[in-house]
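Following: one structure in structure tokens, then a few remarks.
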Amino acid sequence: MDFAYIPFDRATITLEQYRRWVVSHTEDVQQLMTKVIDDLSEKRKVHDWTKLANLPLFYKDEKNKKGNWCDGVYESRTLHTTKERHHLNQNCPQDVNLFDVIEMVTDCVAANRARKEPDRPNQIDVVSKEVLLKAYANTITLIGKWADDIKKVGK
């Protein structure tokens, strides 16, 4: 598959040529959005895998904690925040992307709901502008790689 481009003079393009380009471009975007959805779906399946894989350790720390788990020094917390990608303030991966940011926000909202706390954007682990810009740039690179892979498969 080749991504849609306009190989003709814009001044002389016919309505039918333009229609074919729009349809082709729309199909390109749909293929990439499918990959985005698939990637997020995979993330949801493995969210908090460290907790499930080490349940006795997390249970022990939960039973013995004083105050907020996020504020303490617990073996389970260290394991969790260093092995999972969505704790961006504690351990931001070099290739952080917007899918990691979405997972973090989703995690924070779900945790607040479980604690019967309101959703407060200023209270949720605020991600720095630097991290967000890096995530944005890395997401462009990631989706660009997917586009290259789709193009290779389609040829």
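The values are calculated or read from the model by the stated rules, or taken from the named source; none is laboratory data. What you see is a predicted model, and the numbers here were worked out from it, not measured in a lab. Reconstructed Cβ throughout: ideal geometry from the backbone, glycine too, with neighbour counts over all protein chains shown. Side chains included, ligands, DNA and RNA excluded: accessible areas come from the protein's heavy atoms. Shrake-Rupley method; radii C 1.70, N 1.55, O 1.52, S 1.80 Å.
Within the range 101-120, does at least one residue satisfy the condition of being in contact with a helix residue (DSSP H, G or I) (Cβ under 6 Å, 6 or more places away or on another chain), assigned to a helix (DSSP H, G or I), modelled with pLDDT of 85 or more and surrounded by 14 or more Cβ atoms within 10 Å (Cβ to Cβ)? Yes, the range 101-120 contains at least one residue that is in contact with a helix residue (DSSP H, G or I) (Cβ under 6 Å, 6 or more places away or on another chain), assigned to a helix (DSSP H, G or I), modelled with pLDDT of 85 or more and surrounded by 14 or more Cβ atoms within 10 Å (Cβ to Cβ).
Residues in the range 86-100 that are farther than 11 Å from K43 by Cβ, in contact (Cβ under 8 Å) with a residue 40 or more places away in the chain and surrounded by 19 or more Cβ atoms within 10 Å (Cβ to Cβ): L88, V96.
Residues that are within 11 Å of W146 (Cα to Cα) and not polar (S, T, N, Q) within the range 29-38 comprise L32, M33, K35, V36, listed in sequence order. Here Y74 meets each of (1) modelled with pLDDT under 90; (2) touching a Cys at 6+ places or on another chain (Cβ under 7 Å) with one exception, condition (2).
The residue of the range 52-71 that is farthest from G144 (Cα to Cα), among those that are modelled with pLDDT under 95 and in a loop (DSSP other than H, G, I, E, B), is K66. If we keep just the residues of the range 1-51 that are at pLDDT 90 or above and in contact with a His (Cβ under 7 Å, 6 or more places away or on another chain), which is most open to solvent (accessible area, probe 1.4 Å)? Looking at the filtered set, the residue picked out is K51.
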